[in-house]
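Please read the structure below before turning to the comments.
The values are calculated or read from the model by the stated rules, or taken from the named source; none is laboratory data. Keep in mind that this is a model prediction, so the values were computed, not measured. Note: ideal-geometry Cβ built from the backbone for every residue, glycine included; neighbour counts use all protein chains shown.
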Amino acid sequence: MRILLLALLPGVALGDGLPLFAVDEPLEITIEFPLREVMRKAQDRPVVDGIATYRNADGDVTSLPVQMSTRGRSRLEVCRFPPLALSVKKKAAAGTVFEGQKSLKMVTHCRSSRRYRDYLLQEYGIYEAFGVLTDVSFRSRLASVTYRDSEDPDLEISEPAFFIEPIGRVAARTELERKKIPEAAVSQLDPAYSTLLAMFQFMIGNTDWSARKAPAGSNCCHNARVLGPAGEDTGWMVVPYDFDQAGLINTEYAVPAEQLRLRSVRQRLWRGRCAHNDELDAVIALFNERREAIEAALLVPGMGEAEDVMRYVDSFYEVINDPKKRTKAIERRCLSSG
């Protein structure tokens, strides 16, 4: 399959030319909106008008109208500062860094502390690391954001955040289409991509995902979206997002699902399919080939706990490159059904 080769072969990149995710430099931006109101009513998902202002590459100041709202589920429960969504109209976005975008998820700092800033940077690094392995992934753009209350000049918060590419843009960029379905059968999943996904989640110690099902009332899948060739019922790829429950980050609020019987989120659990075991050698070879780039992506400038992150990644490579450990932790733990 053409897109599978694009996903797994080195040096191949598909692009749609849109500016927000075309560069790696953090975007310095100020967003002015009724901040206190949004924080106070976060659970109600208010939608408010705002103004976003940033400096372009030439140093010129650009401002445009936006709408801000809250989003997410579990983070709305645990975060003092809610995750946000930024929406912009096509005409207003034209000629700006947001050109071609409509609605963007923002991963925010959750709480104002060094620990939570590290959590955010570590999660950003995870998105970047998955992009090292495949173009069928969500791009992200780090930002230094000043949130300014339009109704209270004394309320201003400056923290890092990052934007996540919408799934529609991922589909357009990779020449795939989104599959809005309640669940996927194992036989419909692309074996190589599914093994790559499972291996990546195993590396970062994340079990808060599913390649087959979604919560009731949602499109498949849990913390992932499905893309595939247009008009086809096979070759589907489940593109992951939301990694704050990963053991690599080890947030203070992260806990594994009770049914998994894990001591903590730091304990890895293989969730790949037995039907895809023939893909393991090629996928492990890819992880070894791109290890340096993966580690570089995970080590985000300004992030603390770098040594702990690298030790956790090292322990992953010890497992996949030791035949006995690989057999015990991966091949014998594969999922045969469900």
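The table below lists the values:
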{"item": "Top-ranked residue of segment 180-194 - restricted to ones that are of a type outside the set (Ser, Thr, Tyr) and either free of Cβ contacts under 8 Å to residues at least 12 places away in the same chain or not in a loop (DSSP other than H, G, I, E, B) (or both), ranked as surrounded by the fewest Cβ atoms within 10 Å (Cβ to Cβ)", "result": "GLU183"}
{"item": "Helices (runs of 4 or more DSSP H) contained in segment 240-338 and holding at least 1 residues outside the structural domain of ASN223 (by TED's automatic domain parsing)", "result": "none"}
{"item": "PRO229 being more than 23 Å from TYR124 (Cβ to Cβ), surrounded by fewer than 20 Cβ atoms within 10 Å (Cβ to Cβ), in contact with a Leu (Cβ under 9 Å, 6 or more places away or on another chain) and not assigned by TED's automatic domain parsing to the domain that holds LEU84", "result": "yes"}
{"item": "Every residue from segment 126-139 that is farther than 16 Å from MET237 by Cα and buried (at least 24 other Cβ atoms within 10 Å of the Cβ)", "result": "ILE126, ALA129"}
{"item": "Segment 54-84, subset crowded, with 19+ Cβ neighbours inside 10 Å and aliphatic (A, V, I, L, M), residue nearest to SER113 (Cα to Cα)", "result": "LEU84"}
{"item": "Tabulated pairs, segment 134-152, first under 22 Å from GLU289 (Cβ atoms) and hydroxyl-bearing (Ser, Thr, Tyr), second surrounded by 20 or more Cβ atoms within 10 Å (Cβ to Cβ) and modelled with pLDDT under 95, C-beta under 9 angstrom, 6+ apart or interchain", "result": "THR134/ALA7; SER137/ALA7"}
{"item": "Residues within segment 40-50 that are surrounded by 14 or more Cβ atoms within 10 Å (Cβ to Cβ) and either charged (D, E, K, R) or free of Cβ contacts under 8 Å to residues at least 40 places away in the same chain (or both), tallied", "result": "4"}
{"item": "Test result for LEU197, outside any strand (DSSP E or B), at pLDDT 95 or above, out of contact with any Gly (no Cβ under 7 Å at 6 or more places or on another chain) and crowded, with 17+ Cβ neighbours inside 10 Å", "result": "yes"}
{"item": "Residues of segment 203-239 satisfying the condition of being part of a loop (DSSP other than H, G, I, E, B) and hydrophobic (A, V, I, L, M, F, W, C)", "result": "TRP209, ALA211, ALA214, ALA216, CYS220, CYS221, ALA230"}
{"item": "Leading residue by the ranking (farthest from the chain's Cα centre (by Cα)) among those in segment 226-249 that are free of Cβ contacts under 8 Å to residues at least 60 places away in the same chain and within 18 Å of LEU76 (Cα to Cα)", "result": "GLN245"}
{"item": "Only listed residue being among the aliphatic types (A, V, I, L, M), under 19 Å from THR195 (Cα atoms), surrounded by fewer than 16 Cβ atoms within 10 Å (Cβ to Cβ) and in contact (Cβ under 8 Å) with a residue 24 or more places away in the chain, chosen from ALA329, ALA293, ALA282", "result": "ALA282"}
